[in-house]
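The values are calculated or read from the model by the stated rules, or taken from the named source; none is laboratory data. Keep in mind the model is a prediction, meaning the values are calculated, not measured. Here the Cβ positions follow ideal geometry from the backbone for every residue, glycine too, while neighbour counts run over all protein chains shown.
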Amino acid sequence: MNYNDKIYVAGHNGMVGSAIVRKLHEKGFLNIVTRSSSELDLTNQQSVHAFLQEEKPDNVVIAAAKVGGIHANDCYPAEFIYQNLMIEANLIHGAYLAGVNQLLFLGSSCIYPKESLQPIKEEYLLSSHLELTNEPYAVAKIAGIKLCESYNRQYGTDYRSIMPTNLYGPNDNFHPKNSHVIPALIRKFHEAKVGRKPFVEIWGSGKPMREFLHVNDMADASIYIIGLDKKILEDEVALMLSHVNIGTGVDATIKEVAQIIKEVVGYSGEIVFNAKMPDGTKRKLLDVSRMENLGWKPDISLKDGLKDTYKWFLENNKKLRE
């Protein structure tokens with residue numbers, strides 16, 4: 001990329017999109033185009049195509065998505081599959097029609113089979129059944145990968161896909177029911193601390209293992225992938241007809257993560273696990289050797305990342321509790 005390139009970041013108000021915009025500014029990229037959801041409905045094909053034709057960005061980053069935890073995915077499957085399919089299809093096809101040759105699509109590690117071998121290699125995609133609780137979302141993200149692959153194959157575009165592990169950090173969604181595990185636990189422990197509650201109940205057994213990546217590392221990895229020479233990617237990722245995992249390569253049990261969050265928040269009560277509630281996938285650790293071969297590794301440890309996230313939560317707590 002050149003520093004004067006016009007870069008459109010879709011989803012700039014979300015956790016990932018906002019981190020990418022911050023990181024782009026830090027690295028000296030100033031010609032960044034954004035639109036809020038009230039300004040541009042990404043599920044409206046006509047509006048998206050007209051916007052891309054008018055702006056003619058040099059690069060498109062698709063960080064926009066409808067996301068949520070187990071509860072949200074289970075309650076709103078139609079919204080998760082429809083909105084995510086429309087967003088990525090409109091942006092990818094619209095980018096092609098507008099002559100945008102470079103694009104980055106951000107997916108999710110939930111694209112992989114429920115009982116996948118560990119750690120999960122990129123080639124395990126579509127090798128078995130998905131986790132039912134988030135299957136609609138996963139199917140939409142798999143479609144995004146295949147859209148990028150197909151346009152690369154047929155039109156020679158340079159559309160790149162990256163699949164991050166579980167993300168957390170500033171600007172996350174701390175909704176008590178519709179959030180992912182880390183923001184949900186941060187809020188639970190904080191409210192238990194303030195309310196002097198004797199225990200915090202956590203869904204599931206606490207035994208499932210998860211890998212977590214701070215969103216600032218994710219943003220750095222995204223820009224790193226965008227900036228790589230196409231020849232390097234062709235050698236490592238077979239003409240970009242596949243995707244690249246982004247993660248730490250290290251996981252921990254939900255129980256261990258909860259204990260760290262308890263310490264970071266300063267809560268002194270007990271942790272109680274409700275084994276009657278769903279655990280989800282038993283383990284989900286990404287094989288990140290492909291990304292390491294491309295020359296990138298994360299910098300932020302889990303504990304340091306959780307401290308940073310809790311600090312952000314406290315600074316924005318009044319708005320989040322309304």
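Quick check on my filter: what residues within the range 4-23 are touching a residue at least 24 places away in the same chain (Cβ under 8 Å), touching a Ser or Thr at 6+ places or on another chain (Cβ under 9 Å) and either not charged (D, E, K, R) or not in a helix (DSSP H, G or I) (or both)? It would help to see each step written out before you state the result.
Residues of the range 4-23 that are touching a residue at least 24 places away in the same chain (Cβ under 8 Å), as a first pass: 4-20, 22-23.
Okay, now just the ones that are also touching a Ser or Thr at 6+ places or on another chain (Cβ under 9 Å), so 8-13, 16-17, 19-20, 23.
Within the range 4-23, Tyr8, Val9, Ala10, Gly11, His12, Asn13, Val16, Gly17, Ala19, Ile20 qualify.
Sort out which residues of the range 103-133 are under 16 Å from Gly69 (Cα atoms) and under 14 Å from the mean Cα position of the chain (by Cα), and write them in order of number. Correct list: Gly107, Ser108, Ser109, Cys110, Ile111. Number of residues in the range 296-322 that are over 18 Å from the mean Cα position of the chain (by Cα), among the aliphatic types (A, V, I, L, M) and at pLDDT 90 or above equals 1. Select from the range 165-206 the residues that are at pLDDT 95 or above, within 23 Å of Ala138 (Cβ to Cβ), part of a loop (DSSP other than H, G, I, E, B) and not polar (S, T, N, Q) and list them in ascending order. Within the range 165-206, just Gly169 meets the criteria.
Tell me whether the range 245-264 contains one or more residues that are out of contact with any helix residue (DSSP H, G or I) (no Cβ under 6 Å at 6 or more places or on another chain), without any contact (Cβ under 8 Å) to a residue 12 or more places away in the chain, in a loop (DSSP other than H, G, I, E, B) and under 26 Å from Glu115 (Cβ atoms). No, because not a single residue in the range 245-264 is out of contact with any helix residue (DSSP H, G or I) (no Cβ under 6 Å at 6 or more places or on another chain), without any contact (Cβ under 8 Å) to a residue 12 or more places away in the chain, in a loop (DSSP other than H, G, I, E, B) and under 26 Å from Glu115 (Cβ atoms).
Determine, yes or no, whether Ile254 is closer than 30 Å to Arg196 by Cα and surrounded by 14 or more Cβ atoms within 10 Å (Cβ to Cβ). Can you show your working first?
Numbers: closer than 30 Å to Arg196 by Cα: yes; surrounded by 14 or more Cβ atoms within 10 Å (Cβ to Cβ): yes.
Spelling it out, Ile254 is indeed closer than 30 Å to Arg196 by Cα and surrounded by 14 or more Cβ atoms within 10 Å (Cβ to Cβ).
Yes or no: the range 287-295 includes at least one residue that is touching a Pro at 6+ places or on another chain (Cβ under 6 Å), at pLDDT 95 or above, surrounded by fewer than 20 Cβ atoms within 10 Å (Cβ to Cβ) and assigned to a loop (DSSP other than H, G, I, E, B). Yes, the range 287-295 has at least one match. Reported count of residues in the range 296-320, each being in a loop (DSSP other than H, G, I, E, B) and in contact (Cβ under 8 Å) with a residue 24 or more places away in the chain, is 4.
Being buried (at least 19 other Cβ atoms within 10 Å of the Cβ) and either assigned to a helix (DSSP H, G or I) or in contact with a strand residue (DSSP E or B) (Cβ under 7 Å, 6 or more places away or on another chain) (or both) is the requirement here; does Ala78 meet it?
Against the criterion (buried (at least 19 other Cβ atoms within 10 Å of the Cβ) and either assigned to a helix (DSSP H, G or I) or in contact with a strand residue (DSSP E or B) (Cβ under 7 Å, 6 or more places away or on another chain) (or both)), Ala78 does not qualify.
Return the residue satisfying two criteria in turn: it lies in the range 1-10 and is touching a strand residue (DSSP E or B) at 6+ places or on another chain (Cβ under 7 Å) and not hydrophobic (A, V, I, L, M, F, W, C), and of such residues it is surrounded by the fewest Cβ atoms within 10 Å (Cβ to Cβ). Quick ask: steps written out before the conclusion?
Applying the first criterion (touching a strand residue (DSSP E or B) at 6+ places or on another chain (Cβ under 7 Å)) to the range 1-10 yields 1, 5-10.
Imposing the further condition that a residue be not hydrophobic (A, V, I, L, M, F, W, C) reduces the set to 5-6, 8.
Working: Asp5: 14, Lys6: 16, Tyr8: 25.
It comes out as Asp5.
Only one of the numbered conditions (1) among the polar types (S, T, N, Q); (2) within 17 Å of Asp287 (Cα to Cα); (3) free of Cβ contacts under 8 Å to residues at least 24 places away in the same chain is not met by Gln154, and that is (2). The condition of being among the β-branched types (Val, Ile, Thr), surrounded by fewer than 23 Cβ atoms within 10 Å (Cβ to Cβ) and over 19 Å from Glu88 (Cα atoms) holds for Thr133. Residues in the range 213-235 that are part of a helix (DSSP H, G or I), surrounded by fewer than 16 Cβ atoms within 10 Å (Cβ to Cβ) and of a type in the set (D, E, K, R): Lys230, Lys231, Glu234, Asp235. Taken over the range 173-211, residues that are among the basic types (Lys, Arg), touching a residue at least 40 places away in the same chain (Cβ under 8 Å) and within 18 Å of Lys311 (Cα to Cα) amount to 2. All of (1) more than 21 Å from Val9 (Cα to Cα); (2) under 19 Å from the mean Cα position of the chain (by Cα) hold for Arg187 with one exception: (2).
On the basis of being part of a helix (DSSP H, G or I), closer than 24 Å to Val21 by Cα and either touching a residue at least 40 places away in the same chain (Cβ under 8 Å) or under 17 Å from the mean Cα position of the chain (by Cα) (or both), does Glu88 make the cut?
Numbers: part of a helix (DSSP H, G or I): yes; closer than 24 Å to Val21 by Cα: yes; either touching a residue at least 40 places away in the same chain (Cβ under 8 Å) or under 17 Å from the mean Cα position of the chain (by Cα) (or both): yes.
Yes.
For Val272, state whether it is touching a residue at least 60 places away in the same chain (Cβ under 8 Å), surrounded by fewer than 20 Cβ atoms within 10 Å (Cβ to Cβ), among the β-branched types (Val, Ile, Thr) and not in a helix (DSSP H, G or I). Taking the combined requirement at face value, the residue satisfies it. Of the residues Ile162, Ile142, the single one that is in a strand (DSSP E or B), touching a residue at least 24 places away in the same chain (Cβ under 8 Å) and either surrounded by fewer than 23 Cβ atoms within 10 Å (Cβ to Cβ) or at positive phi (or both) is Ile162.
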